[in-house]
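Worksheet: the structure to be examined is printed underneath.
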Amino acid sequence: MTVALTGRGLACERDERELLHGLDLDVVDGTLLRIEGPNGSGKTSLLKMLTGQLAPTAGTLSWRGQPLARARADYRTALLYLGHEPGVTTSLTAMENLAWSAALADLCVDAAAIEAALQTVGLYGFEDLPAGQLSAGQRRRIALARLELIPRPLWILDEPFTALDRAGVAWLEQRLLAHRDAGGAVVLTTHHEFAPTACIERLRLGATHAAA
Amino acid sequence: MRLQRKRRLTIIAGLMALVAIAVGLTLYALRANIDLFFTPSQIAAGDAPHDRTMRLGGVVKDDSVQRDPDSLAVSFVVTDFAQDVPVRFDDILPDLFREGQGVVVIGTLGDDGDFAAQQVLAKHDENYMPPEVADALKATNSLPEGAGNSAG
Amino acid sequence: MRGKQIGMWKLIHKLGSPKWCYQLCGRLQPVFWIAAAALLAVGAVWSLAFSPPDYQMGDSYRIIYVHVPAAILAQSVFLAMTFASVVFLVWKIKLADMAASVMAPFGAAMTLLGLFSGAVWGIPTWGTWWTWDARLTSMLIQLFIYIGIIALRGAFSRPEQGAKAVAVLTLVGVVNIPIIKYSVSWWNTLHQPATFTLTERPAMPESMWMPLLLMVLGFYCFFTALTLYRLRSEILKRESRTRWVQEAVK
Amino acid sequence: MPPPESTATAAPTLAPRGLAATCVRQVKRELAIARRRGSEWINPLLFQALVIVLFPLGISPEPALLATLAPGLLWVTALLAVLLSLDALFRSDFDDGSLEQMLLSPQPLPALCLAKTFAHWLLTGVPMALIAPLLGLLLSLPAAGVATLMAALLLGSATFSLIGAVGAALTVSLPRGGVLLSLLILPFYIPVLIFGAGAVNAAIAGDPVTAPMALLGAMLALAIAGAPFAIAGALRISVDG
């Protein structure tokens, strides 16, 4: 279960507008990489590129030594992605949402495992309410419960701290660090500042691209 | 890797099966008379339904066209050189309509065996020729059945 | 073998380079304009003035000299668009998409011309300008598919996304081409079978089919010339930010 | 919240479900959503019923005339009702990010699309076929055509769902894709309409219906073979293109 996502000379162009150019990065076991940059600097595009949804216009992206395009099936069994909209359906309950997520991940989970995951993210007692009746922060927690339910070494998270309260932010920060310390890898965009002691890696997008 | 290969083979086999089903069903359907098109022989054999709008295809029999001098009414015989069907029509005929010409007649078959036409369409085939050539061919009696035999 | 493959790739990429293609189009364009003008002029005069009238239809059959080329082009253009879409989706060559995008309106126009000339021809020969038979209906569907393709491209605010969506729709739409082609042999239709086939001599004398052949070739040349012309302006439009275009425009 | 445990790499090994189980789950999900948002699948049926009512009022209540029009009217209204339901097919999944989750699943996307389209057929085509006899009654549809109408609608509406899903997937990222969707999809529906209505007319006239039914089956087989891949490709374009 090793993470080895390597990008060399990555460039991204959307409709003739250059977002990224000559970007190198390595995501390996024990990486916690925060992608920073002003609005419109291509953070989300970079994440989409790293998930394999968007092909780089130049450069190579490889997974465990193979080009990502060829290792796609293997890559997707190692990746957990939470997008800007995290994929929580408002007319389904928390339980139904997570059961579907597990099925998409090709995992056999029972109701008890889902309940345990929901309990961890503080949604005990809200399992059977449609997500539309919950607050934005609670819906975010349903999405974050996937981190508990679906064991994947590589997490790619787009603004995961959005809408969380202080307790939730503290929990998620701890959870991300724990995942890294246990040998997993996290790539995320966020406006949240980690504690200085967390020693996370940073990749600043904008005028110049420093290597990670 | 092996799993992926197996899956790919399953998909290809499935696709081929689906395409085979589609082709088989289409070929089966094309054998049947799907668009209610009948030749005089089929009508004589009693294959055609009565009192339903359908299409009759054949050649206008020589010397069979009779026009009513007072109105547009016209009657003629459509033949496939084996059987004949008398047709009645009461509207303007297309320019290309003439004896020996292939036609498609839309109308209903009455119980008396007469075909009441609602529309008469002259059918042209893919044979084109100058008049002199046609005359020459006619003289030697080698004009292709294409003078309009497009009933089938 | 490997070296050969790399050579192929270089060629494909060279062909895919907008600058190179722009220059090539510029050089080829006059050839096709001249060929189209010559073929269409000779074909039109020959077919209207010198080829004999049909023994049954008289002079009205001369509509064939517009109708058949238009109908052939309507389908050929779609096949060309399908090919371009495959190239675009598989090799991500933007030039293929530009070509597909400039071809679509011409294909739609040819389909409309085929339908219109058919209707004009239908009145004197069949006695009706329209009938719902398989060939006419499938050709009408073809027109709608062309219109859908043009409309879909226009609906996207991001051209790159629209290009890919149009390519997928083109691949779906190609199912209609065999239906048009075989509609006259599968069903008993009013429409006559094809005049030209690859395997047999046409069932008309040389004095009739030679001008028709000239007209068909003339339409093809006209289509090619127009596509090259429009492709050039499309390249300039889409590559307007690049240095070579800015230098070329200066 | 309890302190996080380091479960990242030491997770219990979970058995894979397999593709079939995932597809079943996908269908169940769609049915659960439809149960909660009842209007989404009931409205097209109501629309069809209301349009059917317009014809006796607008044309003529004469039973003989309505009976000749009935097969065509029932098919045209069914087609329009399916069209109406298509815009919502991927819309909410696109908006809430569920579609992106499907795209990144290790399961093959065409299979998931097929499951989703199957659910759409269960929610539109099947109820439509079931209420068809009732609507036929309003139009004095001869009894001889009822069974064929139901069978033909079952087959034809599945093709409608598959082709329609391609159009819905192509237009899901467009803010107002509804009318464009109709323009893209209608031409492809025409053959289904011709042979679907043809089968019912043949049944009423007492002719064999096997030929038009076989063609409906052939179109469905082709749609099952091709549409899932087109839907999957179109969705990838719409989400990240």
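Quick notes on this one:
- Sorting D:D240, A:D165 on solvent-accessible area from highest to lowest, probe radius 1.4 Å, gives A:D165, D:D240.
- Here the dipole of chain A is about 360 debye; that uses its Cα centre as origin and unit charges on the Cβ of Lys and Arg (positive) and Asp and Glu (negative).
- Heavy atoms of C:K94 accessible to a 1.4 Å probe, total area in Å² rounded to 10: 80
- Whole-number D in µm²/s for the protein assembly as shown (Stokes-Einstein; Kirkwood sum over Cα pairs; 20 °C, 1.002 mPa s): 69
- For the cross-link pairs A:K48/C:K237; A:K48/C:K181; A:K43/C:K92; A:K48/D:K116; A:K43/C:K94; C:K181/D:K28, the ones whose C-alpha atoms lie over 32 Å apart are A:K48/C:K181; C:K181/D:K28.
- Burial here means at least 20 square angstrom less accessible surface with every protein chain in place than with the chain by itself, probed at 1.4 Å; in the range B:12-28 the buried residues are B:L15, B:L18, B:V19, B:A22, B:L25, B:T26, B:Y28.
- Helix A:136-149 and the long axis of chain A differ in direction by around 80°, with both axes built from C-alpha atoms.
- Of A:R64, A:R14, A:R141, the one that fluctuates the most in a GNM where chain A has Cα springs shorter than 10 Å: A:R14
- Nearest-ten-degree value, helix C:18-45 long axis tilted from longest Cα axis of chain C: 10
- Extension gain (nm, one decimal) between C:K19 and C:L217, 0.36 nm per residue minus Cα-Cα: 68.4 nm
- Figure legend: label point modelled 7 angstrom from the Cα of D:E62 along Cα→Cβ; no residues of the range D:117-146 have amide N under 12 Å from it.
- For the pair D and B, total buried accessible area rounded to nearest 100 Å², probe 1.4 Å: 1300
- Between A and D, buried accessible area from a 1.4 angstrom probe totals roughly 3800 Å², ignoring ligands, DNA and RNA.
- Charge dipole magnitude, Cβ of K and R +1, D and E -1 - chain C, Cα centre, debye nearest 20: 1540
- Inter-label distance, nm, simple model (7 Å from Cα along the C-beta direction), B:L72/D:L84: 4.1
- Dividing the helix sum by the residues of chain D, where each DSSP H run of 4 or more adds -39500 (n - 2.57), gives a mean residue ellipticity at 222 nm of -27000 deg cm²/dmol.
- Working note: 222 nm ellipticity from helices only, DSSP H runs with n ≥ 4, each -39,500 (n - 2.57), summed and divided by the residues of chain C, gives -26500 deg cm²/dmol to the nearest 500.
- For the range D:36-240: relative contact order, % (alpha-carbon pairs under 8 angstrom, 6 or more apart): 28
- Positions from the range C:31-65 whose accessible area shrinks by 20 Å² or more when the full protein complex is built, not the chain alone, probe 1.4 Å: C:P52, C:P53, C:D54, C:Y55, C:Q56, C:M57
- Expressed as a whole percent, the accessible surface of the range D:132-241 that belongs to carbon and sulfur atoms is 77, based on a 1.4 Å probe.
- Surface per residue (accessible, 1.4 Å probe) for chain C, Å²: 48
- For chain C, the longest principal axis of the Cα atoms and the long axis of helix C:2-15 meet at an angle of about 80 degrees.
- Chain A - accessible surface per residue (Å², probe 1.4 Å): 38
- Toward the positive end of the charge dipole of the range C:67-196, with +1 on the Cβ of Lys and Arg and -1 on the Cβ of Asp and Glu, the farthest Cα among C:A99, C:I145, C:T125 is that of C:A99.
- Solvent exposure of the range B:2-84 amounts to 64 Å² per residue of accessible area, where only protein heavy atoms count and the probe is 1.4 Å.
- With N the number of residues in the range D:36-240, Rg(Cα) / (2.2 N^0.38 Å) evaluates to 1.05.
- When A:K43, C:K19 are compared by accessible area of protein heavy atoms, the largest-first order is C:K19, A:K43, using a 1.4 Å probe.
- Between chain D and chain C, roughly 1700 Å² of accessible surface gets buried, counting both sides and using a 1.4 Å probe.
- Extension gain, A:D181 back to A:R202 (0.36 nm per residue minus Cα-Cα distance, nm): 5.9 nm
- Taking all protein chains as shown and a probe of 1.4 angstrom, C:M110 keeps an accessible surface of around 20 Å².
- Each label was represented as a point 7 Å from its Cα along the Cα-to-Cβ direction; for C:A38 and B:D63 these points are 5.7 nm apart.
- Averaged over the residues of A:78-89, the number of partner chain Cβ atoms lying within 10 Å of the residue Cβ comes to 5.
- Over the C-alpha atoms of chain C, the Rg to Rh ratio, Rh being the Kirkwood estimate, stands at 1.02.
- Solvent accessible area, Å² - A:C199, 1.4 Å probe, full protein context: 100
- Hydrodynamic estimate: the Kirkwood radius of the range C:67-196 over Cα pairs, inserted into Stokes-Einstein at 10 °C and 1.306 mPa s, corresponds to D of 104 µm²/s.
- Element breakdown for chain C at a 1.4 angstrom probe: carbon and sulfur atoms account for 70% of the accessible area.
- Shown are A:T93, C:T224, whose ranking by accessible area with a 1.4 Å probe and every protein chain present, most to least, is C:T224, A:T93.
The values are calculated or read from the model by the stated rules, or taken from the named source; none is laboratory data. As the structure is a prediction and not an experimental result, all values here were calculated from the model. Note: ideal-geometry Cβ built from the backbone for every residue, glycine included; neighbour counts use all protein chains shown. Accessible surface is based on the protein model in full, side chains and every heavy atom, while ligands, DNA and RNA are left aside. Shrake-Rupley method; radii C 1.70, N 1.55, O 1.52, S 1.80 Å.
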